[in-house]
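Q: Quick one: the structure is below, questions incoming.
The values are calculated or read from the model by the stated rules, or taken from the named source; none is laboratory data. Being a predicted model, the structure only gives us computed values, none of them experimental. Every residue, glycine as well, gets a Cβ built from its backbone with ideal geometry; the counts of neighbours run over all protein chains shown.
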Amino acid sequence: MATAQPKVQGAAVGMSPKEETFWQLVWYRFRRHKMAMISVAILLLFYFVAIAAPLLAPHDPMEVGVGPRFAPPSWEFPAGTDRLGRDLFSRILYGARISLSVGFVAAGVSMTIGTIVGAIAGYFGGIVDEVLMRICEVIMAIPTFFLLLTVVAVFERSMLNIMLVIGFTTWPSAARLVRGQFLSLREMDYVEAARSIGAKGGRIVAQHILPNTMAPIIVSTTLRVGGAILTESGLSFLGIGVTNPASWGTLLEIGRHTMQFAIWMVTIPGTLIFITVLAFNYIGDGLRDALDPQLK
Amino acid sequence: MGRYIIGRLVQSLFLLIGVSMLTFAIIQMAPGGFAQMVGENPDATAEDTARLTALWGLDDHIHVQYLRWATQMVQGNFGNSLAQGRPIAQMIGERLPATIFLNIIGLLLIYVIALPIGIYSAVKQYSKFDHTMTFLAFLGQAMPAFFFAMLLIYYVGMQVAGIPLAGMATIGVEWGEVPFMTWLADRSRYLIMPLTVIVFGGLAGLVRFMRASMLDVIHQDYVRTARAKGLSERVVVFKHTVRNALLPIVTSLGFAFSGLLGGSVVIESIFAWPGVGLLAIQAIFTRDYPVIMAFNLIGSIMLVIGMLVADILYVVVDPRIKY
């Protein structure tokens, strides 16, 4: 990863002059971002709970009548029960699997397409760049939420489709980000040097340019995960999200109709979405500071 | 300047053509095709589907269909809603003012509140105020608008009398029929809830943006020069810093408006605000494709106009850019 090493201002961050790898430095700087570290801990817990949901859930999330209807949170039912006497705690554990994976897959799709398109546009420039950027502009010219709704209306609303749709509608901003990086990096002296010793295009991109765009890509991906979770919950709230098993957004939507006397059905899933998105944003912030101190 | 505007107009036109193609393509990708989707009705026979196919010319080549649709669009004929059978232009026309009304007021409030906070935060960087605001902005950005709306309804709307939770006006309180103050008070009361949610949702991002933009400028050499030659802090901040820091904010206006437009789908459906967002949701549920297509076009026309205005404003406010 030697090529990825930016100018390290060792003295500025109080480092010893000893050689350290890029990622050690990143970790060192990231660790000092208190909120980001707390966020990592919280998310690790959330993801553990989501994965272990079948082991941890006291009841089947779909089983009706395991308790009284609309029981407020108690020791027996930590998140209360719903209209059909289902255990909300179990439903939230299973919902975590949906809500937490939507973010990653959607952000992954968005960033992958965006990086490829942006890299091609930025590296080749000229007419290729023109065409690709015009396509991005067209997609960005439709208000994102409208575009999402259109695609959701047309295709079957499965969990996978929702993830893909969020990814497919948000990649242009990623493409523009990566393109911008490529445009400036390809003019760098070390790229010129690589070219002059006969390196081929693919090698230049993979070895010299891409590693240097990693910082903004990683930060943007992290923020996109949070954004995608928000978007999915928004779709669910409108009643067009993932329903089986219900995501946190869907649980909140269900709770909304009876919130006069069962507010916990709204506050618990809502708070969980809020904390998750907040955690991803803080991690993104921490990564930005850690990966590129100059970006601050 | 005139040339620049004409150039941008032409560019916007091509953008809209692209949008119309994309929208058309998405609908075409629908599994089973248009006629079959309409014919999801279990009573529809193969004969019905065939008749609809012929009626709508669905056997024609795709480009013929697109051109036919696009020509109608250009003529302002958005077709009829499948669900309601009424002209779409009329349906949207009825709803658009309510949405624009809500969003323009929202946008104004967001800018009026966020800019001073962002400026002050940057001027007093790392102060208590700055830390508090940055923290609040972080919270605001992570808060789902609908969740905030639910909390607001439960903890404020349901506790305080006199704040309507749904709709836009009391029936019978119409412009010109009641005293102006009565009308204004009524409209304002209905605005409280949706407007609070919109403003809350938009503040965080803009505060952070404004703060970042200010910090960029504050560290410029010409600001140091201004300080060095002994100008008062007031002049340095307002004349040399704020005016330059506002430039990137101006360009964000177009996107800000379209973001609000998309967000108003959620807000309108929560507060039963009779705008286009509510119509959009109904169209999604009834799979009213012509309405959905019209929406995308109108949404992007508004976005494109927003960006155009922002770009022109940019040239106006920044004398360094000449065309």
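Q: Does at least one position in the range A:58-80 carry a residue that is touching a residue at least 60 places away in the same chain (Cβ under 8 Å) and either under 21 Å from the mean Cα position of the chain (by Cα) or within 14 Å of another protein chain (Cβ to nearest Cβ) (or both)? Before the answer, list the steps.
A: Going residue by residue through the range A:58-80, those that are touching a residue at least 60 places away in the same chain (Cβ under 8 Å) are A:61-62, A:70, A:72-73, A:79-80.
This time we only want the ones that are either under 21 Å from the mean Cα position of the chain (by Cα) or within 14 Å of another protein chain (Cβ to nearest Cβ) (or both), so: none.
For the range A:58-80, residues touching a residue at least 60 places away in the same chain (Cβ under 8 Å) and either under 21 Å from the mean Cα position of the chain (by Cα) or within 14 Å of another protein chain (Cβ to nearest Cβ) (or both): absent.
Q: When residues of the range B:177-194 are filtered for being in a helix (DSSP H, G or I), more than 26 Å from the chain's Cα centre (by Cα) and among the aliphatic types (A, V, I, L, M), how many remain?
A: Here the count works out to 1.
Q: Among the residues of the range B:216-239, is any more than 22 Å from B:Val316 (Cα to Cα), among the acidic types (Asp, Glu) and more than 10 Å from chain A (Cβ to nearest Cβ)?
A: yes
Q: If we keep just the residues of the range B:281-313 that are farther than 14 Å from B:Asn103 by Cβ and within 7 Å of chain A (Cβ to nearest Cβ), which is modelled with the lowest pLDDT?
A: The qualifying residue modelled with the lowest pLDDT is B:Arg287.
Q: Also, I was wondering about something else. For the range B:184-230, name all the residues that are aliphatic (A, V, I, L, M), buried (at least 18 other Cβ atoms within 10 Å of the Cβ) and under 16 Å from B:Phe138 (Cβ atoms).
A: Across the range B:184-230, the qualifying residues are B:Leu203, B:Ala204, B:Leu206, B:Val207, B:Met210.
Q: Could you tell me which residue of the range B:156-183 is surrounded by the fewest Cβ atoms within 10 Å (Cβ to Cβ), considering only residues that are of a type outside the set (A, V, I, L, M, F, W, C) and out of contact with any helix residue (DSSP H, G or I) (no Cβ under 7 Å at 6 or more places or on another chain)?
A: B:Gly176
Q: Right, next: Just to verify a result, which residue in the range B:247-280, among those that are at pLDDT 85 or above and in contact with a Pro (Cβ under 7 Å, 6 or more places away or on another chain), is farthest from the other protein chains (Cβ to nearest Cβ)?
A: B:Trp273
Q: Quick one: how many residues across the range B:149-182 are touching a Gly at 6+ places or on another chain (Cβ under 6 Å) and either acidic (Asp, Glu) or more than 14 Å from chain A (Cβ to nearest Cβ) (or both)?
A: 1
Q: Can I ask one more? Does any residue in the range A:194-207 that is under 19 Å from A:Gly118 (Cβ atoms) come within less than 7 Å, Cβ to Cβ, of a residue that is among the hydrophobic types (A, V, I, L, M, F, W, C) six or more places away or on a different chain, and which pairs are these?
A: If the second residue must be among the hydrophobic types (A, V, I, L, M, F, W, C), the pairs left are A:Ile204/A:Val191; A:Ile204/A:Ala194; A:Val205/A:Ala119.
Q: Considering (1) within 30 Å of A:Arg179 (Cβ to Cβ); (2) modelled with pLDDT under 90, say which one A:Val109 fails and leave the rest.
A: (2)
Q: Being away from chain A (no Cβ under 14 Å) and within 25 Å of the chain's Cα centre (by Cα) narrows it down to one residue among B:Pro144, B:Pro116; which is it?
A: B:Pro116
Q: Condition test on B:Ala310, is it in contact (Cβ under 8 Å) with a residue 12 or more places away in the chain and under 20 Å from B:Ile88 (Cα atoms)?
A: no
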